[in-house]
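Engineer: Before we start, here is the structure in question, set down as C-alpha cells.
The values are calculated or read from the model by the stated rules, or taken from the named source; none is laboratory data. Everything numeric here is computed off the predicted structure, so don't read it as measured data. Because the Cβ atoms are built from the backbone with ideal geometry, glycine has one as well, and the counts that use them run over all protein chains shown.
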Amino acid sequence: MYPNNLKYSKDHEWVDLETNRIGITSFAQEALGDVVFVELPEVDVEIEAGDSLGVIESVKAVSDLFSPVSGRIIAVNEELLDRPELINEDPYGEGWIVEIEITGEADLLSADEYEKLVKEE
Amino acid sequence: MTELKQTPLYQVHLAAGAKMVDFGGWNMPVQYAGIIEEHKRVRESAGLFDVSHMGEFEVKGKDAKAFLQKILTNDLDKTEPGKTLYSPMCYEDGGTVDDLLIYCFSEEHYWLVVNASNIDKDWQWINSKMEGDVTLTDISDSIALLALQGPKAQSILALLTDLNLNELKSFRFIEGQVEGVDCVISRTGYTGEDGFEIYLPPTEVTKIWETLLEKGKPFGLAPIGLGARDTLRLEAKLPLYGHELGKDITPLEAGLGFFVKINTDKDFIGRAALAKQKEEGVPRKIVGLEMIDRGIPREGYKVAIGEEEIGYITSGTASPSLGKNIGLALISADKAQIGDEINVIIRNKPAKAMIIKTPFYKREEK
C-alpha cells in the first residue's frame, strides 16, 4: 500500500531519491487530519538529518517536520501555502513538501519495512 | 494511568470508523469523516453528537431553589418549569468552578448539567455547600445525551416524535417520547446553530442514534466528533471551561456578566468578589482576534503589543466557516480594544492580528 519507488523515515516521511522530493506518508496525513497550515523552510539552506523542515498544522494539532536526510534545500512547494489540503488529498504527488539535494547516506526504510513499522504502531 | 471511561455508544463510534481521543478521562470520537467536513455539515444541514460524557446531577427538596440560588451566579427567579438556564458557578473569590445548564422541573426539582471533566470536582464542591432540605444525586450514569444541531435539526427530529417542536422555544425543554422512548428534549446546544439536546436512558441511546442517522440522512445528517464541536463553539464564541473559564478566570473577565446577577438582591457564593470586580473594572478580558499575518493562534501562545506581553490565547483555530485563522485571548483589559492590532507570538516570532467583534459567526435568524 506504500509506493515501492519511495524510501521512508521512521517519522512517517517519504523520500523520492529520483526527484529529491520529500513529503509525509498517507499514514501520517490520515493521523493528522485536515491540514490547514504549512510553514516551509527557506530555500538554499544546508541542513542535517533531524533538523526542522517546517511545521504542519491540522485543525487540532501542530506538528514539527524533521528532515530525514542531510543536504541542501533546493525547492519548497509554495502551492501548499494556499492549498495545505493537498497534503491530505495527494500526499505522494501534489502534496510534496520540499526538494533536497541529498548528501551522504541516509538511514531510510523500504516500503515493506515502513509498512511493518506502521502496523506495529 | 486510569482506564478511560466510555459512553454507551463507544462500540458504535468504533464501528463507524471514528478517531478516538482522551477527552477529560473519556474515550470520545474526535472525528468521523474529518473536522472541516463535519463542521460545515452542521452549519449547512445537521449533525449528531454523542455528548453522553456530560454529567447530570439531580437536585430535589423544599429548599432546592434557595440552595441553587446560593451556589449559582444567575437568577433562579428566571426559571420556571420547562425552562433551561445557563449559569456560571463560582468560588468565594469569583473564580469559576464550572459553567452549567439548569433544568427546572419544579421549584423542588432540578437537573444540573455539568462539564464531563468537572463532574468529580463539582460534586465535591456542591456537597460541601449543602444546606436545608436538599438531596443531591449524581444521575450521570443513568442518562445518555445526544445533541442534534443544525438548520435541519427540527425537520429531522419531527420524523421521530409527535411533540410540537414549533412550540419549543430556545432554552425551553419538554418531556416526551422520541421513537417511543421517554426523553427530555431541550432547544439548546453548543454550536451556534438551532438544535436540540436529547436526554435519554443509556439502554435506548443506540437505537435512537441509529434511527436519527437513518431518517436524517436525506437531510444530510451525519455523526460529528468533538473536534468540530470545538471549532463550532469557538466561532460562536461559546466559552469552554479550562480555556475561557477557570479557577483563575471570573465570569466577568470571560464576558459573561449577563449571567452574573449582581444587580439583583440575590446573594450567591462569589457575589462580593464579583461586585467589587465589576465596580473597579475587570483587570483582564476575553477578546476575539483574527490573524492578519500567516499563522494559527493556539492555546497558550503569548499576546503582545510591541515588546509588552498583554495576555495569552485561550482557544484558537483555522475557522472552517470563515476561512480565517481566529482565536480568543485573555488580555489586560486596558491594553487593547476592538480594531487594535496586536501580536501573537507564534514559535518565538510575532505575527500580526486584529482584535475584532465577536461572535466570529452568527447564524441568520429565520
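Conditions (1) within 14 Å of chain B (Cβ to nearest Cβ); (2) touching a Phe, Trp or Tyr at 6+ places or on another chain (Cβ under 8 Å); (3) in a loop (DSSP other than H, G, I, E, B), marked per residue:
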{"residue": "A:Ala31", "(1), (2), (3)": "yes, no, no"}
{"residue": "A:Val43", "(1), (2), (3)": "no, no, yes"}
{"residue": "A:Val55", "(1), (2), (3)": "yes, yes, no"}
{"residue": "A:Val69", "(1), (2), (3)": "no, no, yes"}
{"residue": "A:Leu80", "(1), (2), (3)": "yes, no, no"}
{"residue": "A:Trp96", "(1), (2), (3)": "no, no, yes"}
{"residue": "A:Ile100", "(1), (2), (3)": "no, no, no"}
{"residue": "A:Glu105", "(1), (2), (3)": "no, no, yes"}
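Engineer: Can you name the condition, by its number, that B:Asp265 falls short on among (1) out of contact with any helix residue (DSSP H, G or I) (no Cβ under 9 Å at 6 or more places or on another chain); (2) under 30 Å from B:Leu163 (Cα atoms)?
Structural biologist: (2)
Engineer: Follow-up question, since we're still on this one. In region B:226-240, which residues are closer than 19 Å to B:Gly255 by Cβ, within 12 Å of chain A (Cβ to nearest Cβ) and in contact with a helix residue (DSSP H, G or I) (Cβ under 8 Å, 6 or more places away or on another chain)?
Structural biologist: B:Leu232 - this is the single residue of region B:226-240 that is closer than 19 Å to B:Gly255 by Cβ, within 12 Å of chain A (Cβ to nearest Cβ) and in contact with a helix residue (DSSP H, G or I) (Cβ under 8 Å, 6 or more places away or on another chain).
Engineer: Restricting to region A:1-15, name every residue that is part of a strand (DSSP E or B), under 16 Å from A:Leu65 (Cβ atoms) and not hydrophobic (A, V, I, L, M, F, W, C).
Structural biologist: Hits for region A:1-15 are A:Tyr8, A:Glu13.
Engineer: Residues in region B:172-183 that are touching a residue at least 60 places away in the same chain (Cβ under 8 Å) and in a loop (DSSP other than H, G, I, E, B): how many?
Structural biologist: In the first step, residues of region B:172-183 are kept if they are touching a residue at least 60 places away in the same chain (Cβ under 8 Å); the result is B:172-174.
Subset that is in a loop (DSSP other than H, G, I, E, B): none.
Of the residues in that region, 0 qualify.
Engineer: Next question. Of the residues B:Phe23, B:Phe67, which is within 14 Å of chain A (Cβ to nearest Cβ), of a type in the set (Phe, Trp, Tyr), in contact (Cβ under 8 Å) with a residue 40 or more places away in the chain and over 21 Å from B:Phe219 (Cβ atoms)?
Structural biologist: So the residue among B:Phe23, B:Phe67 that is within 14 Å of chain A (Cβ to nearest Cβ), of a type in the set (Phe, Trp, Tyr), in contact (Cβ under 8 Å) with a residue 40 or more places away in the chain and over 21 Å from B:Phe219 (Cβ atoms) is B:Phe23.
Engineer: Okay, next question. Within region B:315-337, is even one residue away from every other protein chain (no Cβ under 14 Å), in a strand (DSSP E or B), surrounded by fewer than 19 Cβ atoms within 10 Å (Cβ to Cβ) and touching a residue at least 60 places away in the same chain (Cβ under 8 Å)?
Structural biologist: For region B:315-337, residues away from every other protein chain (no Cβ under 14 Å), in a strand (DSSP E or B), surrounded by fewer than 19 Cβ atoms within 10 Å (Cβ to Cβ) and touching a residue at least 60 places away in the same chain (Cβ under 8 Å): absent.
Engineer: Take the residues in region A:16-29 that are out of contact with any helix residue (DSSP H, G or I) (no Cβ under 8 Å at 6 or more places or on another chain), outside any strand (DSSP E or B) and within 22 Å of A:Val118 (Cα to Cα); name whichever of them is farthest from the other protein chains (Cβ to nearest Cβ). First the steps, then the outcome.
Structural biologist: So in region A:16-29, the residues out of contact with any helix residue (DSSP H, G or I) (no Cβ under 8 Å at 6 or more places or on another chain) come out as A:16-22, A:26, A:28.
Add one more test, that the residue is outside any strand (DSSP E or B), and what stays is A:16-20, A:26, A:28.
Add one more test, that the residue is within 22 Å of A:Val118 (Cα to Cα), and what stays is A:16-17, A:26, A:28.
On the way: A:Asp16: 27, A:Leu17: 31, A:Ser26: 14, A:Ala28: 14 Å.
Result: A:Leu17.
Engineer: Name the single residue, out of those in region B:90-121 being assigned to a strand (DSSP E or B) and free of Cβ contacts under 8 Å to residues at least 40 places away in the same chain, that is surrounded by the most Cβ atoms within 10 Å (Cβ to Cβ).
Structural biologist: Keep residues of region B:90-121 that are assigned to a strand (DSSP E or B), which gives B:90, B:96-106, B:109-114.
Still in the running and free of Cβ contacts under 8 Å to residues at least 40 places away in the same chain: B:100, B:102, B:104-106.
On the way: B:Leu100: 24, B:Ile102: 21, B:Cys104: 21, B:Phe105: 19, B:Ser106: 12.
Step by step, filter region B:90-121, then rank; the result is B:Leu100.
Engineer: Taking only pairs six or more apart or across chains, which ones have beta-carbon atoms under 7 Å, a first residue in region B:187-210 that is among the basic types (Lys, Arg), and a second residue that is in a strand (DSSP E or B)?
Structural biologist: Here the result reads B:Arg187/B:Arg172; B:Arg187/B:Phe196, each pair linking region B:187-210 to a residue that is in a strand (DSSP E or B).
Residue-by-condition table, conditions (1) outside the structural domain of B:Gly150 (by TED's automatic domain parsing); (2) part of a strand (DSSP E or B); (3) hydrophobic (A, V, I, L, M, F, W, C):
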residue	(1), (2), (3)
B:Ser170	no, no, no
B:Ile185	no, yes, yes
B:Thr188	no, no, no
B:Glu193	no, no, no
B:Glu197	no, yes, no
B:Pro202	no, no, no
B:Ile208	no, no, yes
B:Lys217	no, no, no
B:Ala228	no, no, yes
